[in-house]
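Chemist: First the structure, then my questions, so here it is.
A short reminder: the numbers here are calculations on the coordinates, not readings from a lab. Only a predicted model underlies this, so the values are computations on that prediction, with no experimental measurement involved. Neighbour counts are summed over all protein chains in view; Cβ atoms, including those assigned to glycine, are modelled from backbone coordinates with ideal geometry.
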Amino acid sequence: MKRFRYAVDPLCLAACAAYAFGRWYLRHHVHGGFWQYQFTDLLLIPAALPLMLWLQRRLGLRTHDDRPSWREIGLHLAVWSVAAELIAPLLFKSATGDWRDVLAYGAGAVLAGSWWSFA
């Protein structure tokens, strides 16, 4: 199996670029709906998971350089969903929980997992 390239994985690079575009351009030019609220949430797993797995690898918590498994993707999806949509609204006044964000995280996870499985 080819070694996973973490932050230089093509999907991670594309997702990070799309996140920057969505966060700093689309949000200011498109009002309401998916493009303003869920587009960047769709990119959470493809953009952030490789960076988290690289950090885990450096800390010795991940013992291989394989592509992310469905189990790793699902675990991170669950942790981030709970942290962002349940815990964050309790800790920060500006945070709000939204079930549609979790759907976007999940859709991004399925797309990313498919890419990493078949790439």
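Chemist: Quick one, can you get me the convex hull of the C-alpha atoms of the range 1-49 expressed as volume per residue in Å³?
Modeler: 60
Chemist: For the range 6-118, with the dipole built from +1 on Lys and Arg beta-carbon atoms and -1 on Asp and Glu ones, taken about the Cα centre, which of PRO46, LEU61, GLN36 lies farthest toward the positive end?
Modeler: Final value for the positive-end residue is LEU61.
Chemist: OK, next. Quickly rank 69-77, 35-43 as a protection proxy: mean count of other C-beta atoms within 10 Å, highest first.
Modeler: 35-43, 69-77
Chemist: Turning to a different aspect of this structure: Quick one: Debye curve from the alpha-carbon atoms of the range 6-118 only, equal weights, vacuum; give me log10 I(q)/I(0) at q = 0.13, 0.20, 0.23 Å⁻¹ to two decimals.
Modeler: Computed log10 I(q)/I(0) values: -0.51, -1.13, -1.34.
Chemist: If I take every Cα pair under 8 Å that is 6 or more residues apart in the chain, average their sequence separation and divide by the length, what percent do I get for the relative contact order?
Modeler: Rounded, it is 32 percent for the chain.
Chemist: While we're on this one: About the Cα centre of the chain, how large is the charge dipole given +1 on each Lys and Arg Cβ and -1 on each Asp and Glu Cβ? Please answer in debye to the nearest 20.
Modeler: For the chain, the charge dipole is close to 340 debye.
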